[in-house]
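**Student:** If you scroll down you'll find the structure; I have some questions about it.
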Amino acid sequence: MALIVQKYGGTSVGSVERIKNVARRAIKWADAGHQVVVVVSAMSGETNRLIAMAREIQPDPDPRELDVVASTGEQVSIGLLAMALKAQGREARSYTGFQVGIRTNSAFTKARIESIDQTRMRADLDAGMIVVVAGFQGVDDAGNITTLGRGGSDTSGVALAAALGADECLIYTDVDGVYTTDPRVVPEASKLSTITFEEMLEMASLGSKVLQTRSVEFAGKYRVRLRVLSSLTPWDIPLEQEMRSGTLITFEEDQTMERAVVSGIAFARDEAKITVVRVPDRPGIAYQILSAVGGANIDVDMIVQNQSVDGYTDFSFTVGRGDYARTLDILKTSIQAHIGAKDIIGDPKACKVSIVGVGMRSHAGVASKMFRTLSEEGINIQMISTSEIKVSVLIEEKYLELAVRALHKAFDLDAQAS
């Protein structure tokens, strides 16, 4: 007998019939002798609907009250799923984040999990019940409802698996695993049977939408075994077949040395580039620029500082496109005159393309092959960022799909078997 945590996203519980299928799948695992905890998101589109209503009333919603509203979507899902399980003859009990004791900090709309009380879940599992828990939410020490940010149900599922010491955490989505890149951009993209946590973390942080970055970080920290599967496959396929499907996210082992040099291509469309032109090249200048941006809770990604000429340099960095106008305003009103910069310029139509693979550690020439491939397609590289297992470049948005297809072919991912 194993303890299995299953997490289902909004598409997976997007209708009454799909909720019934989730119940049937969970019962299949329970009937095989496993203890099952199911974590669910709000029904597809529900969170957006709730947030839109909140903004009709208050254009910039109060964060505490927004969390109260947004968390109700998951409450509907868990109640309906528990009913579906009971209607099919299986004892079940649903819990909100508050009821199950998911404690978070008080950062409304983007809270972080601090602890989980296992007591009620353990008692129900020992009594043979299927436990249904609301994802995306928790409660702070003051008793306030909190939410974990977009994609937070993934983090809830992984955190519960870690707290319970689950044998595996199964992430059910509307895709059947992790692909070498987005199949909508490259039809030849193939499904990976395994991917390391390091690669998955890079893929998630660089734009892959399969898993939330924080959930992968959590899994790596607590060594939670993850598998990405599709909830849209027939619920009644044999367990052995279901376990072989999808993508297993695992820790790096010796066999990874035989893997392809590059495992996947990730991309992010919503990038914006900002350049602070001709600033004095003196100690602390980067801090002065970025502390103002960070103080506004704006995340900075790629950073480049040019070689000093006559005591002056250009300082460039990227932010999310949604933060572009606000970042420009902060720099022009609060920083430009203070540091003596000649100008603040930007480009809101940039994108980031990245190659990822643990095999890059032991193979030279990967970056140069990437750059040559882009050059042959007439694509100019604006910025470069690297780590041991990834190379990212900033390019014009209009070249994104061309770049992804060219790199996918250049690194032989078109022919990679799933």
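**Student:** How much of the DSSP beta bridge set in the chain is antiparallel, as a percent to the nearest 5?
**Tutor:** The antiparallel proportion sits near 60 percent.
**Student:** Would you mind checking the tilt of helix 72-87 against the longest principal axis of the Cα atoms of the chain, expressed as 0 to 90 degrees and rounded to 10?
**Tutor:** Tilt relative to the chain: about 30 degrees.
**Student:** A 24 angstrom limit on the alpha carbon distance is what I want to check against. Which of Lys273/Lys390; Lys28/Lys221; Lys28/Lys86 exceed it?
**Tutor:** Among Lys273/Lys390; Lys28/Lys221; Lys28/Lys86, the Cα-Cα distance tops 24 Å for Lys28/Lys221.
**Student:** Calculate for the chain the 222 nm mean residue ellipticity that helices alone would give, adding -39,500 (n - 2.57) per DSSP H run of length 4 or more and normalising by residue count, nearest 500 deg cm²/dmol.
**Tutor:** Per the formula, -10000 deg cm²/dmol.
**Student:** Based on the mean of other beta carbon atoms within 10 Å per residue, what is the order of 215-225, 81-91, most packed first?
**Tutor:** 215-225, 81-91
**Student:** Also, quick follow-up: Using a probe radius of 1.4 Å on heavy atoms only, what accessible surface per residue do you get for the chain? Whole Å² is fine.
**Tutor:** Per residue, the chain has 45 Å² of solvent-accessible surface.
**Student:** Continuing with the same structure: Between the range 197-220 and the range 122-142, what's the alpha-carbon centroid distance in Å?
**Tutor:** Going from one Cα centre to the other spans 24 Å.
**Student:** Which ³J(HN,Hα) values in Hz, rounded to whole numbers, follow from the phi angles of the range 320-335 under the Karplus curve 6.51 cos²θ - 1.76 cosθ + 1.60, where θ = phi - 60° and Gly and Pro get x?
**Tutor:** So the J values, rounded to whole Hz, are x, 4, x, 9, 4, 5, 5, 5, 4, 5, 4, 5, 6, 8, 10, 10.
**Student:** Give, as a single signed number, the net charge of other residues whose beta carbon lies under 15 Å from the beta carbon of Arg25, with Lys and Arg counted +1 and Asp and Glu -1.
**Tutor:** So the environment of Arg25 carries a net charge of -1.
**Student:** Right, next: Within the set of other residues whose C-beta is less than 13 Å from the C-beta of Ala166, count the net charge using Lys and Arg as +1 and Asp and Glu as -1.
**Tutor:** Neighbourhood net charge equals +3.
**Student:** Between Glu188 and Ala52, what FRET efficiency comes out of the Förster formula 1/(1 + (r/R0)^6) with R0 = 35 Å and r the beta carbon distance, rounded to 0.05?
**Tutor:** My answer for the efficiency is 0.40.
**Student:** Tell me which aspartates and glutamates have Cα within less than 19 Å of Lys332's Cα, excluding those fewer than 8 residues away on the same chain?
**Tutor:** List returned: Asp281, Asp299, Asp314, Asp323, Asp343, Asp347.
**Student:** How much length, in nm to one decimal, is gained on full extension between Arg122 and Asp343, taken as 0.36 nm per residue of separation minus their Cα-Cα distance?
**Tutor:** Length difference between fully extended and current span is 73.5 nm.
**Student:** Highest mean first, how do 104-111, 52-59, 371-378, 132-139 rank when packing is the count of other Cβ atoms within 10 Å averaged over residues?
**Tutor:** For the peptides 104-111, 52-59, 371-378, 132-139, the packing ranking is 132-139, 104-111, 371-378, 52-59.
**Student:** Then there is this: So if R0 is 22 Å, what FRET efficiency would Leu290 and Ser387 give, r being the distance between their Cβ atoms, rounded to the nearest 0.05?
**Tutor:** Between Leu290 and Ser387 the formula returns 0.65.
**Student:** Related question: For Glu240 and Arg269, compute 0.36 nm times the residue count separating them, minus their Cα-Cα distance, and round to one decimal in nm.
**Tutor:** 6.7 nm
**Student:** Give me the one-decimal nm value for the distance between modelled label points at Asn297 and Asp167, 7 Å along each residue's Cα-to-Cβ direction.
**Tutor:** 4.2
**Student:** Can you tell me the orientation of helix 400-410 relative to the chain, as the angle in degrees between its alpha-carbon axis and the longest Cα principal axis, to the nearest 10?
**Tutor:** Tilt relative to the chain: about 80 degrees.
**Student:** A further question follows. Could you tell me how many degrees, from 0 to 90 and to the nearest 10, lie between the Cα long axis of helix 213-222 and the main elongation axis, the longest principal axis, of the Cα atoms of the chain?
**Tutor:** Between the helix axis and the principal axis of the chain, the angle is about 70 degrees.
**Student:** List the lysines whose Cα sits under 16 Å from the Cα of Lys209, skipping any in the same chain fewer than 8 residues away.
**Tutor:** Lys7, Lys191, Lys352
**Student:** Using a Förster radius of 35 Å, what is the FRET efficiency between Phe371 and Asp310 based on their Cβ-Cβ separation? Nearest 0.05, please.
**Tutor:** 0.75
The values are calculated or read from the model by the stated rules, or taken from the named source; none is laboratory data. Every value quoted in this text rests on a predicted model; they were computed, and no experiment measured them. No Cβ is skipped: glycine too gets one built from the backbone with ideal geometry, and neighbour counts run over all protein chains shown. Accessible surface is based on the protein model in full, side chains and every heavy atom, while ligands, DNA and RNA are left aside. Shrake-Rupley method; radii C 1.70, N 1.55, O 1.52, S 1.80 Å.
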